[in-house]
Amino acid sequence: WGTAAALLLLASLQLLLGAWSGSLLPTAVVGIVSYATIGLLSTGGTGKQLIVADVPGNVWVYGSAGITFVMLLWCRRYTRPPRG
């Protein structure tokens, strides 16, 4: 349940930032930063990895990329049209 809760929290943060700012940029930045952080946590040396390559680890790694993509599509509706 921890992985699902973490992905829900990531989606909530991305949705909040996308709706608040009216832009896709904060949603994309949060997705990129979270994916980079997950990459760093999963590439430690032997016995030092915090995200292991098992089913929950794979769900976390690939799910964060999927959630970011879905939230970018979802937050497109909140973008402000250009003025003028």
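Points to keep in mind about this one:
- When T37 is tested against (1) part of a helix (DSSP H, G or I); (2) touching a Ser or Thr at 6+ places or on another chain (Cβ under 8 Å), exactly one condition is not met: (2).
- For segment 1-18, the candidate set comprises residues that are modelled with pLDDT under 90 and not hydroxyl-bearing (S, T, Y); within that set, the residue that is least open to solvent (accessible area, probe 1.4 Å) is A6.
- Residue that is surrounded by the fewest Cβ atoms within 10 Å (Cβ to Cβ), among those in segment 19-47 that are in contact (Cβ under 8 Å) with a residue 40 or more places away in the chain and among the aliphatic types (A, V, I, L, M): A19
The values are calculated or read from the model by the stated rules, or taken from the named source; none is laboratory data. The model shown is predicted, which means the values in this text are computed figures rather than measured ones. Using ideal geometry, Cβ is built from the backbone for each residue, glycine included, and neighbour counts are taken over all protein chains shown. Ligands, DNA and RNA are stripped out before the accessible areas are found, and what is left, the full protein with its side chains, is counted by its heavy atoms. Shrake-Rupley method; radii C 1.70, N 1.55, O 1.52, S 1.80 Å.
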